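Below is one structure, written out as structure tokens; the observations come after it.
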Amino acid sequence: MVERNKILVDVDLLHELVDAQFALIENYKQHFKSHLDCGRWNDEINDLITTYNAVAKLIDRPLIEKIAKTCG
């Protein structure tokens, strides 16, 4: 049986987290676009987008689409 604990987090902190993640994702998209379409970079940015989207859903923020792999 799994023990469950509750964690209380200030909603403002969640907004700050999402803002920082969004800025990081947009910065990566702008500066490293050619690297994000394939391989490890794609996996890592999509993991970050998954984390962003999980928090964004909690606070009713727009979601970000994952970056599709364009390589074989």
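The values are calculated or read from the model by the stated rules, or taken from the named source; none is laboratory data. Keep in mind it's a predicted model, so treat the numbers as computed, not measured. Please note: Cβ atoms are built from the backbone with ideal geometry, for glycine as well, and neighbour counts cover all protein chains shown. Quick note on the areas: whole protein, heavy atoms, side chains included, nothing else; ligands and nucleic acids left out. Shrake-Rupley method; radii C 1.70, N 1.55, O 1.52, S 1.80 Å.
Restricting attention to region 4-37, which residues are of a type in the set (Phe, Trp, Tyr) and either touching a Phe, Trp or Tyr at 6+ places or on another chain (Cβ under 7 Å) or open to solvent by less than 70 Å² (accessible area, probe 1.4 Å) (or both)? Working first, answer last.
Step one: list which residues in region 4-37 are of a type in the set (Phe, Trp, Tyr), which gives 22, 28, 32.
Phe22, Phe32 - these are the residues of region 4-37 that are of a type in the set (Phe, Trp, Tyr) and either touching a Phe, Trp or Tyr at 6+ places or on another chain (Cβ under 7 Å) or open to solvent by less than 70 Å² (accessible area, probe 1.4 Å) (or both).
Taken over region 38-59, the criterion of being open to solvent by less than 50 Å² (accessible area, probe 1.4 Å) and either over 14 Å from the mean Cα position of the chain (by Cα) or not polar (S, T, N, Q) (or both) is satisfied by Gly39, Ile45, Leu48, Ile49, Tyr52, Val55, Ala56, Ile59.
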